[in-house]
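The values are calculated or read from the model by the stated rules, or taken from the named source; none is laboratory data. Nothing here was measured: the structure is a model prediction, and the numbers come from that model. Positions of Cβ are generated from backbone atoms using ideal geometry, with glycine treated the same way; all protein chains shown enter the neighbour counts. When the accessible area is computed, the model is the full protein with side chains, heavy atoms only, and any ligands, DNA or RNA have been set aside. Shrake-Rupley method; radii C 1.70, N 1.55, O 1.52, S 1.80 Å.
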Amino acid sequence: MKQARAPKASLFKSLLDQEMGTQAKQVELITLLLLVVVILVVLWLWQWRLELHADTGIIHLNVFELLLNKN
Amino acid sequence: MRQRLRVFIIYFKLLLPYWDKSLLSLVCVGLVVLFSLATPLITKVLIDYVYPARDLPLLSFLVLFSLLIFIFNVLFSDISSYLDTFIHQTLSIDLRKKFFTHLLRLPLGFHYEKQVGDLLVRVTNDIDVIVDTVAEALPVIIKTIMQLAALLAICLMIDVNLTLLAFVGIPVYFIQTKFFASRFEEIQDRTQRSESAVYTFYQEKMSHVKTIKSFNQEIYETDRLIDKLKNLFKLARENLFMSLFNSFFDASLITVWTAFLTWYGGYRVITGHISIGEVMAILMYLGQIHQPFMDFGTVYKSVVKSFVSINRLEEIMQAEPEAYQDTKTYLLFDIDGEIIFDRISFRYPDSDEYILKDVSFVAPPGEVTAICGASGAGKSTIIDLILRFIDASEGTIFIDNYGIKQVSLMTLRANISIVSQDVIIFSGTIRENLQYGCKVVDKDKMVGATKAAEIHDFILQLPKGYDTQIGEGGLALSGGQRQRLSIARALYRDVKILVLDEATSALDSITEAKIFDNIKDRLKQKTVLMITHRPSSLKNANKIYVISDNKLTESGSFDDLISQQGEFYKFYQAQLQESDEQMAEKVELLRLKKKIAESEKNKPSLPIKLSNLEKQVLHLYYEDKKTYAKIGQEVGLEAYEVARVRKSAWEKLEQLKELEIS
Ligand SMILES: Nc1ncnc2c1ncn2[C@@H]1O[C@H](COP(=O)(O)OP(=O)(O)O)[C@@H](O)[C@H]1O
Ligand SMILES: [Mg+2]
């Protein structure tokens, strides 16, 4: 039974067969890369000015300012 | 409280080796917390600005933005789960390894006191509880604290009044959580204890099924088990009731509080203090608090429960192991194997009844020294002392002039091969059992050992020969077969000192005689200490010591002891059930033999003389009762050299005494 199933779940199996220590190291690396991506995305969003039509006229805000804005 | 702090310090120490992964996981969790703040804020902007202003581009932008956040959220929370699981498993293995090694290294005295079932629960349940706590509960606690802080900050920014009122509920919640946690802790303590008792019970009964059957006590033992289980079920029910109360309180508190805040939020909107979007956002945040709070309660309770486990583990971890790591010791390599017992007295630490009193003897290399005595006389205790399973209360044991307390424990035990009274065979193949503890595999030597122990033919006749599975789940061996296997195992180790503790008790005397004949030559290169009742095996001994009333009462060769007509004589007679006349004949025969032997060697023997140093040492030792170290200081020798001098002097004296008698 196990043998019949093995080829189907090959990706899963290869993930399981990997030595846990090295796998964790890889995950760590990926996480660090992802963190860099997040920082880049945040910086990019930071300078993206949105146009808002308020009673007093047009205001330019980035998305973070918009979300935390009172009123 | 200080106790709690101590436990948390232990937990953080456990996590220390994984600080990088823990930190990363924490960063991921922090991001997840931040991301989860976004949705209510987006809702707020949608309600307060985007819908009223009909701003389609901004709507699209915000939806894309929340998608992005959602993706990041999932990614980081998965990564943090992975890292936590990794820490969980590695920690679990580490802890088990550390605990098991420690357990095996604890002195035997410790193992006598503890019950196996109890230790089993500690190695399994308690370690699980701790690992779960450290690797799962701690992250949840930290996450909850971060989440609360973030929610508090952002809600305060939106509306101070509503937020303050909302957060007033928190201390109330904490107080009730704490109340229940201490109840749970107490129940947990009793549960673990009760579980230990059940394990111990199972363990003991399952390993003595034969005895239970032969006394027809199957039903009785089952009833006793049920009694013990009933206690456990009762505790489980107590736990359930407590949980029910607890979740009822939890739910009521949160429901009432949410209802009140909904009303007050609406009131703030109606009176124009805050916008609809803002009250929606705050209520959404409060909804978010709900879950972590519930989690926090559960986790806090499990942490408190784990205090019980950590104390149970600590209790064992703090027990002093045997002195394996002691570096200030001699290494015993390439020894002659002379064993000297120098005025040894022994009693178990918690009793004041001496099991051995003032026992002195020498087991010289190349000879078989036998110890015989009634059962319970303390024969096996002598062996435990040599292997340092226990330490003498008074006196010193020397091996090759080294006091064994000054010798590294590993090398001491490496030089001694033992066939113990109760033969333990591990489950595995015969080969594995024979090679237990030997790194180098030598097939010829192994076959030599099994042949000598008269078990080779039996093994060959098994279908799988040396690869036959024995022990639990394998072939069941008879007492005699196991004993022969055990003798073969001891011979295979081939070290200088061989200890036989009633090693042939389950063998017939013909097989026994064959084995002794087989190993006669091997024994000449070893120091053999043999414990036995059997007169037939005692004939193989060069010297016999008789132990009774905690003391060595007689010594001499087999023939000597018989002619002396003392303890040993009576013992021997009782064993063989010989009549008084038969014994008298035997003694007469021995006397004649001795006379002939003496007349044959009737040459004048060399006078035996003690040197001045020997006289001095003897005087200081026996008259002034000084220790070797003190005498050493006076005569300018090392302590072990003094021991050597004293011993040779002692032997000379004994020879002199013998001459005087004859
Ligand atoms: N772990 C122990 N704790 C306390 N007493 C013990 C322990 N083991 C053995 N004894 C006692 O020590 C005495 C000597 O035991 P032992 O040396 O095994 O006798 P034997 O001469 O039959 O080998 C016995 O009276 C026994 O009750
Ligand atoms: Mg014994």
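Can you tell me which residue is farthest from B:V32 (Cα to Cα) among those in the stretch A:42-56 that are within 10 Å of chain B (Cβ to nearest Cβ) and open to solvent by 100 Å² or more (accessible area, probe 1.4 Å)? Across the stretch A:42-56, the extreme among qualifying residues is A:H53. State whether one or more residues within the stretch B:481-502 are assigned to a loop (DSSP other than H, G, I, E, B), in contact with a Ser or Thr (Cβ under 7 Å, 6 or more places away or on another chain), within 16 Å of ligand 1 (Cβ to nearest atom) and away from chain A (no Cβ under 14 Å). The answer is yes, given that some residue of the stretch B:481-502 is assigned to a loop (DSSP other than H, G, I, E, B), in contact with a Ser or Thr (Cβ under 7 Å, 6 or more places away or on another chain), within 16 Å of ligand 1 (Cβ to nearest atom) and away from chain A (no Cβ under 14 Å). Just checking, how many residues over the stretch B:353-381 are closer than 16 Å to B:G337 by Cα, among the β-branched types (V, I, T) and within 16 Å of ligand 1 (Cβ to nearest atom)? Counting residues in the stretch B:353-381 that are closer than 16 Å to B:G337 by Cα, among the β-branched types (V, I, T) and within 16 Å of ligand 1 (Cβ to nearest atom) gives 1. Out of the residues in the stretch B:62-98 that are charged (D, E, K, R) and under 16 Å from A:Q23 (Cα atoms), state the one that is least open to solvent (accessible area, probe 1.4 Å). Out of the qualifying residues, it is B:D84.
Every residue in the stretch B:320-352 that is within 16 Å of ligand 1 (Cβ to nearest atom), in the same structural domain as B:D391 (by TED's automatic domain parsing) and more than 13 Å from B:N401 (Cα to Cα), please. Working first, answer last.
Within the stretch B:320-352, the subset within 16 Å of ligand 1 (Cβ to nearest atom) is B:322, B:341, B:344-352.
Next, only the ones that are in the same structural domain as B:D391 (by TED's automatic domain parsing) stay: B:341, B:344-352.
If the condition is that a residue be within 16 Å of ligand 1 (Cβ to nearest atom), in the same structural domain as B:D391 (by TED's automatic domain parsing) and more than 13 Å from B:N401 (Cα to Cα), then B:I344, B:S345, B:F346, B:R347, B:Y348, B:P349, B:D350, B:S351, B:D352 are the ones that fit.
Candidates B:I386, B:I390: the one that is more than 19 Å from B:T527 (Cβ to Cβ) and within 30 Å of the chain's Cα centre (by Cα) is B:I390.
When B:V419 is tested against (1) within 16 Å of ligand 2 (Cβ to nearest atom); (2) open to solvent by 10 Å² or more (accessible area, probe 1.4 Å); (3) modelled with pLDDT of 90 or more, only condition (2) is not met.
Only one of B:F248, B:F174 is part of a helix (DSSP H, G or I) and either at pLDDT 90 or above or not assigned by TED's automatic domain parsing to the domain that holds B:F296 (or both). Can you tell me which? Steps first, please.
Working: B:F174 fails: either at pLDDT 90 or above or not assigned by TED's automatic domain parsing to the domain that holds B:F296 (or both).
Residue meeting the stated conditions: B:F248.
If only residues of the stretch B:41-61 that are aliphatic (A, V, I, L, M) and more than 8 Å from chain A (Cβ to nearest Cβ) are counted, the one that is least open to solvent (accessible area, probe 1.4 Å) is B:V50.
Examine the stretch B:445-460 for a residue that is loosely packed, with under 14 Cβ neighbours inside 10 Å, over 26 Å from the mean Cα position of the chain (by Cα) and either at pLDDT 90 or above or farther than 27 Å from B:K379 by Cα (or both), and state whether such a residue exists. Full working, then the answer.
Residues of the stretch B:445-460 that are loosely packed, with under 14 Cβ neighbours inside 10 Å, as a first pass: B:457, B:460.
Filter again for over 26 Å from the mean Cα position of the chain (by Cα), leaving B:457, B:460.
Subset that is either at pLDDT 90 or above or farther than 27 Å from B:K379 by Cα (or both): B:457, B:460.
Yes - at least one qualifying residue is present in the stretch B:445-460.
Within the stretch B:381-438, being farther than 30 Å from B:Q481 by Cα, part of a loop (DSSP other than H, G, I, E, B) and of a type outside the set (A, V, I, L, M) holds for B:D391, B:S393, B:D400, B:N401, B:S408.
Taking the condition more than 16 Å from B:G428 (Cα to Cα), buried (at least 16 other Cβ atoms within 10 Å of the Cβ) and at pLDDT below 90, does B:S505 pass? Break it down into steps so the answer makes sense when it comes.
Values: more than 16 Å from B:G428 (Cα to Cα): yes; buried (at least 16 other Cβ atoms within 10 Å of the Cβ): yes; at pLDDT below 90: yes.
Taking the combined requirement at face value, the residue satisfies it.
Return the residue satisfying two criteria in turn: it lies in the stretch B:230-259 and is aromatic (F, W, Y) and touching a residue at least 40 places away in the same chain (Cβ under 8 Å), and of such residues it is surrounded by the fewest Cβ atoms within 10 Å (Cβ to Cβ). The residue in question is B:F245. Taking first residues from the stretch B:374-388 that are away from every other protein chain (no Cβ under 14 Å) and partners that are near ligand 2 (Cβ under 9 Å from one of its atoms) and not in a loop (DSSP other than H, G, I, E, B), the Cβ contacts under 8 Å between residues at least 6 apart in sequence or on separate chains come to B:K379/B:D501; B:K379/B:I531; B:S380/B:D501; B:S380/B:I531; B:I382/B:I531; B:I383/B:D501; B:I383/B:I531.
Okay, residues lined up against (1) open to solvent by 60 Å² or more (accessible area, probe 1.4 Å); (2) touching a residue at least 60 places away in the same chain (Cβ under 8 Å); (3) in a helix (DSSP H, G or I):
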{"position": "B:L261", "(1), (2), (3)": "no, yes, yes"}
{"position": "B:G265", "(1), (2), (3)": "no, yes, yes"}
{"position": "B:Y285", "(1), (2), (3)": "no, yes, yes"}
{"position": "B:H290", "(1), (2), (3)": "yes, no, yes"}
{"position": "B:M294", "(1), (2), (3)": "no, no, yes"}
{"position": "B:V299", "(1), (2), (3)": "no, yes, yes"}
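Take the conditions (1) facing another protein chain (nearest Cβ under 10 Å); (2) farther than 25 Å from B:F307 by Cβ; (3) among the polar types (S, T, N, Q); B:S77 misses just one of them, which is (1). Please verify whether B:K210 is in contact (Cβ under 8 Å) with a residue 12 or more places away in the chain, in a helix (DSSP H, G or I) and either within 14 Å of chain A (Cβ to nearest Cβ) or open to solvent by 30 Å² or more (accessible area, probe 1.4 Å) (or both), treating the condition exactly as stated. Judged against the criteria, B:K210 is not a match. Of the residues examined, B:S537 is one that is buried (at least 20 other Cβ atoms within 10 Å of the Cβ) and within 16 Å of ligand 1 (Cβ to nearest atom). If you scan the stretch B:452-507, which residues turn out to be hydrophobic (A, V, I, L, M, F, W, C), within 16 Å of ligand 2 (Cβ to nearest atom) and more than 21 Å from B:G366 (Cβ to Cβ)? Within the stretch B:452-507, just B:A506 meets the criteria.
Table: residues versus (1) away from chain B (no Cβ under 11 Å); (2) modelled with pLDDT of 85 or more; (3) open to solvent by 100 Å² or more (accessible area, probe 1.4 Å).
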{"residue": "A:S14", "(1), (2), (3)": "yes, no, no"}
{"residue": "A:Q23", "(1), (2), (3)": "no, yes, no"}
{"residue": "A:L40", "(1), (2), (3)": "yes, yes, yes"}
{"residue": "A:N71", "(1), (2), (3)": "no, no, yes"}
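B:F558 satisfies every condition listed in (1) farther than 24 Å from B:L589 by Cβ; (2) touching a Lys or Arg at 6+ places or on another chain (Cβ under 6 Å) except (1).
Hey, can you tell me all the residues within the stretch B:368-380 that are outside any loop (DSSP other than H, G, I, E, B), within 14 Å of ligand 2 (Cβ to nearest atom) and open to solvent by less than 20 Å² (accessible area, probe 1.4 Å)?
The first filter runs over the stretch B:368-380 and keeps only residues outside any loop (DSSP other than H, G, I, E, B), leaving B:368-373, B:379-380.
Remaining after also requiring within 14 Å of ligand 2 (Cβ to nearest atom): B:370-373, B:379-380.
If the condition is that a residue be outside any loop (DSSP other than H, G, I, E, B), within 14 Å of ligand 2 (Cβ to nearest atom) and open to solvent by less than 20 Å² (accessible area, probe 1.4 Å), then B:A370, B:I371, B:C372, B:G373, B:K379 are the ones that fit.
Sub-9 Å Cβ pairs linking a first residue in the stretch A:1-27 that is under 16 Å from B:T85 (Cβ atoms) to a second residue that is among the basic types (K, R) and modelled with pLDDT of 80 or more, at least 6 apart or interchain, are A:A24/B:K21; A:V27/B:K21, ordered by first then second residue.
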